[in-house]
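Here the structure comes first, spelled out in structure tokens, and everything after it is commentary.
The values are calculated or read from the model by the stated rules, or taken from the named source; none is laboratory data. Here the structure is a predicted model, which means the values were calculated and not measured. Virtual Cβ from ideal backbone geometry, glycine too; neighbours counted across all protein chains shown. With ligands, DNA and RNA removed, areas are computed over all heavy atoms of the protein, side chains included. Shrake-Rupley method; radii C 1.70, N 1.55, O 1.52, S 1.80 Å.
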Amino acid sequence: MARLQFIKTVIYGITASFLAVCFVIFPKEASEASVRGMTVWWDIVFPSLLPFFILSEFLIRFGVVTFIGGLLEPFMRPLFRVPGSGGFVWAMGLASGFPSGAKLTARLWQEGHLTKEEGERLVSFSNASNPLFIFGAVAVGFFQNVALGFLLAASHYLGNLLVGFIMRFHKLEVPSHTRHNRSTISLKQAIKNMHHDRLKHHEPLGKILGEAVNSSVQTLLMIGGFMIFFAVLNEILEIIRLTDIFAIVTSFILALVNMPNDLSPGIIAGLFEITLGSQRISDTTHATLLQQAVVTSFILAFNGFSVQAQVASILSETDIRFLPFFIARCIHGCISAVLAFLLFTPLYVDRLSQPTFSLWQDPSVNKLAWGYEVLIAYYHWLLQYGSLLTAFCLISWLGWYVFKPVNMRRS
């Protein structure tokens, strides 16, 4: 064991030193890559995730999650073998995107709502790309194709659901003292549980708000650091041609599934960061749209090492292991790719083949038009004003963080 730890130390030291030297040798490329990663985080990620993080903290502290969990227990427990409160995490994770599912799973574990095994199941299917990214950034921004967004979303979220069902078989043998009562919980009992849970957090409202904002901003700062680092890392690996090693593997896999090798650079980039990977896949000229959709669907579901590192960092504060999450990402990627292939004709080709095709005039899609237009409008609003919102929030948080001790002494 001691020898293994020594080998790890040597490997970590050599890797860190090698990367540091590469950053020094290629400062211009590293700086440009860091700016790209910083821009995405500053304009889109921070202002879009901050409200969800703060709101989720309030819902947990006020017992609303306990109330929702009581109502969803008969649904979540048989299907996914997680508590009913996992339904809240699942919904918030789908709405706000990664790594919200991991953060909320960790919070529920800290509050005692989850066991280790339940947390490993829940985090495996509660992290997903949010609709804003799939429709706004990928479908419209990269592919310039509105209808493709429905195909990617359907394969992504349906695959997510299937992963949750598959992961219910993780750790089947659970000690009897961790089993929960599966009987239906009444509305009255759910309200009582919510009240009891709220009484456990008897801090003043101002303190709860401050802690919620502080925790959310710190998590987002961590996310920003990972995004910048992996953007630079991906650029450096391409410059020193280290990605050619990955290209050998991806080329072999692409040949097996009869896809062009031109998709290989996009796949490699997507393994590290989904935004860059999706963009490169959309720019590939020697591949059909079906092939691009299948590969993009895999990248979205795999999450990329950048997001996975964020999840690993969040889970490190708990006893929830990262390995089940990684395995779930591989499964989700494969399932979503297959679903994109199977659903391409009914969800994309058949609609385009209609003589008088108009997306919003199609009765089967018309009900989704309003929601889709809201997403696109919100996405463009973030591109225009997201940086200002981020600057305002960070300045406000910094002021609160600096002067908090003074205020406490005055009180």
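Here are some notes:
- Residue pairs meeting the criteria (Cβ under 7 Å; at least 6 apart or on separate chains; first more than 14 Å from Lys200 (Cβ to Cβ), in the range 108-119; second basic (Lys, Arg)): Glu117/Lys171
- Residue match in the range 318-337 (condition: closer than 17 Å to Met222 by Cα, among the small types (Gly, Ala, Ser), touching a helix residue (DSSP H, G or I) at 6+ places or on another chain (Cβ under 8 Å) and crowded, with 23+ Cβ neighbours inside 10 Å): no
- All of (1) open to solvent by less than 10 Å² (accessible area, probe 1.4 Å); (2) part of a helix (DSSP H, G or I); (3) farther than 16 Å from Met167 by Cβ hold for Glu118 with one exception: (3).
- For the range 24-32, the condition holds for at least one residue, the condition being that it is more than 30 Å from His380 (Cβ to Cβ), out of contact with any Leu (no Cβ under 6 Å at 6 or more places or on another chain) and of a type in the set (Phe, Trp, Tyr).
- For Val295: the one exception among (1) modelled with pLDDT of 90 or more; (2) open to solvent by 30 Å² or more (accessible area, probe 1.4 Å); (3) over 15 Å from the mean Cα position of the chain (by Cα): (2)
- Filter result (of a type outside the set (Phe, Trp, Tyr), modelled with pLDDT of 80 or more and either surrounded by fewer than 11 Cβ atoms within 10 Å (Cβ to Cβ) or within 18 Å of Pro78 (Cα to Cα) (or both)) within the range 133-191: Gln144, Asn160, Leu161, Leu162, Val163, Gly164, Ile166, Met167, Arg168, His170
- Pairs, first farther than 14 Å from Leu158 by Cα in the range 320-349, second buried (at least 22 other Cβ atoms within 10 Å of the Cβ) and among the acidic types (Asp, Glu), C-beta under 7 Å, six or more apart: Ile320/Glu120; Arg321/Glu120; Pro324/Glu120
- Residue that is surrounded by the most Cβ atoms within 10 Å (Cβ to Cβ) [pool: residues in the range 277-292 that are free of Cβ contacts under 8 Å to residues at least 60 places away in the same chain and closer than 16 Å to Gly37 by Cβ]: Gly277
- Leading residue by the ranking (farthest from His332 (Cα to Cα)) among those in the range 121-131 that are in a helix (DSSP H, G or I) and not charged (D, E, K, R): Pro131
- One residue stands out in the range 69-113 among those that are under 13 Å from the mean Cα position of the chain (by Cα) and not in a helix (DSSP H, G or I): the one that is surrounded by the fewest Cβ atoms within 10 Å (Cβ to Cβ), namely Gly97.
- Cβ-Cβ under 8 Å pairs, at least 6 apart or on other chains, the range 193-217 side among the basic types (Lys, Arg), far side modelled with pLDDT of 75 or more: Arg198/Arg61; Arg198/Phe62; Arg198/Gly63
- Only one of the listed residues (Ile228, Ile240) is out of contact with any Lys or Arg (no Cβ under 6 Å at 6 or more places or on another chain) and modelled with pLDDT of 85 or more. That residue is Ile228.
- Residue count, the range 233-263 (criterion: without any contact (Cβ under 8 Å) to a residue 24 or more places away in the chain, within 17 Å of Ser278 (Cα to Cα) and over 27 Å from the mean Cα position of the chain (by Cα)): 1
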